[in-house]
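Trainee: Dropping a structure here in structure tokens format, bear with me for questions.
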Amino acid sequence: MREKRAEGKTVLILSGGTIDEATALPEIEKIHADSIIAADRGLLFCSRSGIMPDRIVGDFDSLEEACDTGPELLREYRKRGIPIDRFNPVKDTTDTEIALEKALEEGATRICLFGATGTRADHTLSNLLNLVRLRDRGVTGVIIDSHNRVTMPAGTEMTIRRDSQYGNRISLFPVRGEVTGLSISGVKYPKENAVLVQGDGGLFVSNEILEDVCEIRWQSGALLVMETKD
């Protein structure tokens, strides 16, 4: 999958939700991130998987709840010279949002998140909505878990190659109003110059890529692209 965009900086964020190591590690290798940020309990995944983050952020309440040796783990990374930004648990933002701001400060043009979904529907929805905020700042956001790759492109074009798609289904959703001039080709159900309105829940759901390349283009609006598998 690639969005048509100028080359820039990709930042990988490992957050505190569910991360399936068997699924995540091969995908992380494909990303070739320029920088890695661990957010709170995401540091535990780093430690278990042998990933060295470039920065660690959070209030670390989830890390210390999940791991008795959480404070020791933080001290270990501090000794290695990794910058650690610790925040008060009483705050008006999530640890993932803090990591996103750090990535934006680093000049990221694409941010990929693992551990942004899981059993907490509130955190999952919060992170999906964070993709809109990234788009507003000209940054493409991608959330990946064991069954989904969710992308909100910063631009108005996106290409998905059949040989590298995530799963076997693709669905498109408008976020914050209409998506106009929407065309999708290379799929079982192609469309030309459509308008996608919030509430059209099934119109662009569960399509299939049939050709080597799927091309998605639209004129205006914030489009959420979901590649999914069972």
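Trainee: For segment 165-181, which positions are open to solvent by 30 Å² or more (accessible area, probe 1.4 Å) and more than 15 Å from I216 (Cβ to Cβ)? Explain how you work it out, then say what you get.
Mentor: Step one: list which residues in segment 165-181 are open to solvent by 30 Å² or more (accessible area, probe 1.4 Å), which gives 165, 168-169, 173, 176, 178, 180.
Matches in segment 165-181: N168, R176, E178.
Trainee: Out of segment 142-181, which residues are under 12 Å from the mean Cα position of the chain (by Cα) and either touching a residue at least 40 places away in the same chain (Cβ under 8 Å) or over 24 Å from A108 (Cβ atoms) (or both)? Give the steps one after another, and end with the answer.
Mentor: Step one: filter segment 142-181 for residues under 12 Å from the mean Cα position of the chain (by Cα), giving 142-145, 148-153.
Residues satisfying the conditions are I144, D145, N148, R149, V150, T151, M152, P153.
Trainee: To continue, here is another question. Between a first residue in segment 49-77 that is without any contact (Cβ under 8 Å) to a residue 60 or more places away in the chain and open to solvent by 40 Å² or more (accessible area, probe 1.4 Å) and a second residue that is part of a strand (DSSP E or B) and of a type in the set (S, T, Y), which pairs have beta carbons less than 7 Å apart while being 6 or more apart in sequence or on different chains?
Mentor: Filtered contacts from segment 49-77: D54/S35.
Trainee: Out of I143, I184, I209, I160, which single residue is among the β-branched types (V, I, T), modelled with pLDDT of 95 or more and either surrounded by fewer than 18 Cβ atoms within 10 Å (Cβ to Cβ) or farther than 30 Å from L25 by Cβ (or both)? Working first, answer last.
Mentor: Values: I143 fails: either surrounded by fewer than 18 Cβ atoms within 10 Å (Cβ to Cβ) or farther than 30 Å from L25 by Cβ (or both); I209 fails: either surrounded by fewer than 18 Cβ atoms within 10 Å (Cβ to Cβ) or farther than 30 Å from L25 by Cβ (or both); I160 fails: either surrounded by fewer than 18 Cβ atoms within 10 Å (Cβ to Cβ) or farther than 30 Å from L25 by Cβ (or both).
None of the others qualify; the one that does is I184.
Trainee: Continuing with this model, one more query. What single numbered condition from (1) among the β-branched types (V, I, T); (2) closer than 12 Å to I170 by Cα; (3) assigned to a strand (DSSP E or B) fails to hold for V205?
Mentor: In the conditions (1) among the β-branched types (V, I, T); (2) closer than 12 Å to I170 by Cα; (3) assigned to a strand (DSSP E or B), V205 misses (3) alone.
Trainee: A follow-up question, please. Provide a single number: the residues in segment 25-42 that are open to solvent by 10 Å² or more (accessible area, probe 1.4 Å), part of a helix (DSSP H, G or I) and of a type outside the set (A, V, I, L, M, F, W, C).
Mentor: Of the residues in that region, 4 qualify.
Trainee: With the requirement that a residue be closer than 24 Å to A103 by Cα, charged (D, E, K, R) and either out of contact with any Ser or Thr (no Cβ under 9 Å at 6 or more places or on another chain) or not in a strand (DSSP E or B) (or both), what does segment 137-174 give you?
Mentor: Initially, segment 137-174 is screened for residues closer than 24 Å to A103 by Cα, giving 137-146, 148-158.
Now narrow it down to the ones that are charged (D, E, K, R): 137, 145, 149, 157.
Within segment 137-174, R137, D145, E157 qualify.
Trainee: If you go through segment 100-116 one residue at a time, how many are crowded, with 24+ Cβ neighbours inside 10 Å and over 12 Å from the mean Cα position of the chain (by Cα)?
Mentor: Start the filter on segment 100-116 by keeping residues that are crowded, with 24+ Cβ neighbours inside 10 Å, which leaves 100, 103, 108, 110-116.
With over 12 Å from the mean Cα position of the chain (by Cα) added as a condition, the list becomes 103, 108.
Total meeting the criteria: 2.
The values are calculated or read from the model by the stated rules, or taken from the named source; none is laboratory data. Quick caveat: nothing in here was measured; it's all calculated off a predicted structure. Cβ coordinates were reconstructed from backbone atoms using ideal geometry, including for glycine residues, and neighbour counts include every protein chain displayed. Note: areas computed on protein heavy atoms with side chains; ligands, DNA, RNA excluded. Shrake-Rupley method; radii C 1.70, N 1.55, O 1.52, S 1.80 Å.
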